[in-house]
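The values are calculated or read from the model by the stated rules, or taken from the named source; none is laboratory data. Computed from a prediction, not measured in an experiment: that's the story for all the values here. Counting neighbours? That spans all protein chains shown, and the Cβs are built from the backbone with ideal geometry, glycine included. These area figures cover heavy atoms from the full protein model, side chains too; ligands, DNA and RNA do not enter into them. Shrake-Rupley method; radii C 1.70, N 1.55, O 1.52, S 1.80 Å.
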Amino acid sequence: MEKPSETKLGRPDMNSLQETRRLRRIREVEGYLDLILSASSQLSASIEAKRRVALRAISLLDEIDRLDGASSDTLYLRGQTYRTLDEHDKAIDCLRRVCDDDPADVHVWLALGWSYKRLGRLDLAIEALEEAMCQDPAQPIIHYNLSCYWALAKNVRLSLEYLAQACEINSSFRELVGNEPDFDAIRHDPEFIGLLNLIA
């Protein structure tokens with residue numbers, strides 16, 4: 001007579017238990033990141049409180065990596081957490097590794113571009129977004145961010161070209177232009193004003 005397997009008797013498989021614990025920790029890190037980002041819009045939230053939450057997220061990611069090894073999802077979350085700590089060099093290191101593993105994920109390229117921008121490396125920020133564009137040219141946020149980065153680089157022609165494309169794909173991006181500080185460098189350029197009148 002065949003002996004019934006432990007799984008059939010209702011005892012959980014160790015691999016599924018480990019995966020469940022891992023997913024629970026990942027969700028906890030995502031919760032911490034959401035908390036930090038929502039707190040950023042609250043003036044009363046202290047920088048130190050946000051830092052403590054971010055460090056707790058990093059500690060959890062260390063725990064996950066110790067138990068299961070680093071993966072694209074933990075590297076991405078680690079990169080995003082370092083971004084909240086303004087540790088952009090560390091964020092870039094994590095995000096670059098994710099891009100190497102999964103170049104099709106445009107959100108990682110966007111995060112990478114954002115971090116390069118914070119370090120004043122507009123050339124690398126633009127390169128990252130151009131790579132994102134190769135992956136998914138229909139994403140208006142890529143065009144919009146490229147427009148912002150080219151505006152910061154004071155290249156009016158390219159900034160306007162990407163802004164027009166972003167608004168063509170999704171007209172709601174028009175509403176962001178007025179309050180976007182990245183456009184301040186070219187805001188009074190006649191061509192920029194002309195485009196704003198066209199897309200208004």
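Close contacts from region 123-152, counting a first residue that is within 18 Å of Asp182 (Cα to Cα) and a second that is open to solvent by less than 50 Å² (accessible area, probe 1.4 Å) and outside any helix (DSSP H, G or I), with Cβ to Cβ under 7 Å and a gap of 6+ residues or different chains, come to Cys148/Glu180; Ala151/Ile186.
If only one of Arg174, Arg157, Arg118, Arg187 is open to solvent by 20 Å² or more (accessible area, probe 1.4 Å) and closer than 18 Å to Tyr76 by Cα, which one is it? Don't jump to the end; show me each part of the working.
Numbers: Arg174 fails: closer than 18 Å to Tyr76 by Cα; Arg157 fails: closer than 18 Å to Tyr76 by Cα; Arg187 fails: closer than 18 Å to Tyr76 by Cα.
Testing whether each residue is open to solvent by 20 Å² or more (accessible area, probe 1.4 Å) and closer than 18 Å to Tyr76 by Cα leaves just Arg118.
Tell me which residues, restricted to region 85-101, are of a type in the set (Asp, Glu) and open to solvent by less than 60 Å² (accessible area, probe 1.4 Å).
Of region 85-101, the ones of a type in the set (Asp, Glu) are 86-87, 89, 93, 100-101.
Answer for region 85-101, where residues must be of a type in the set (Asp, Glu) and open to solvent by less than 60 Å² (accessible area, probe 1.4 Å): just Glu87.
Contact map, region 59-75: residues that are touching a residue at least 60 places away in the same chain (Cβ under 8 Å) and under 20 Å from Val108 (Cβ atoms) paired with residues that are among the aliphatic types (A, V, I, L, M) and in a helix (DSSP H, G or I), Cβ distance under 7 Å, separation 6+ or inter-chain. No pairs are found.
I want to confirm something. Restricting to region 190-200 and keeping residues that are surrounded by 14 or more Cβ atoms within 10 Å (Cβ to Cβ) and either of a type in the set (Lys, Arg) or out of contact with any Phe, Trp or Tyr (no Cβ under 8 Å at 6 or more places or on another chain) (or both), which single residue is modelled with the lowest pLDDT? If you could, list the steps in order and put the result at the bottom.
Step one: of region 190-200, the residues surrounded by 14 or more Cβ atoms within 10 Å (Cβ to Cβ) are 192, 195-196, 199.
Subset that is either of a type in the set (Lys, Arg) or out of contact with any Phe, Trp or Tyr (no Cβ under 8 Å at 6 or more places or on another chain) (or both): 195-196, 199.
Details: Leu195: 88, Leu196: 84, Ile199: 79.
Here the residue is Ile199.
Exactly one residue out of Ala138, Ala104 is under 29 Å from Asp189 (Cα atoms) and exposed (fewer than 15 other Cβ atoms within 10 Å of the Cβ): that is Ala138.
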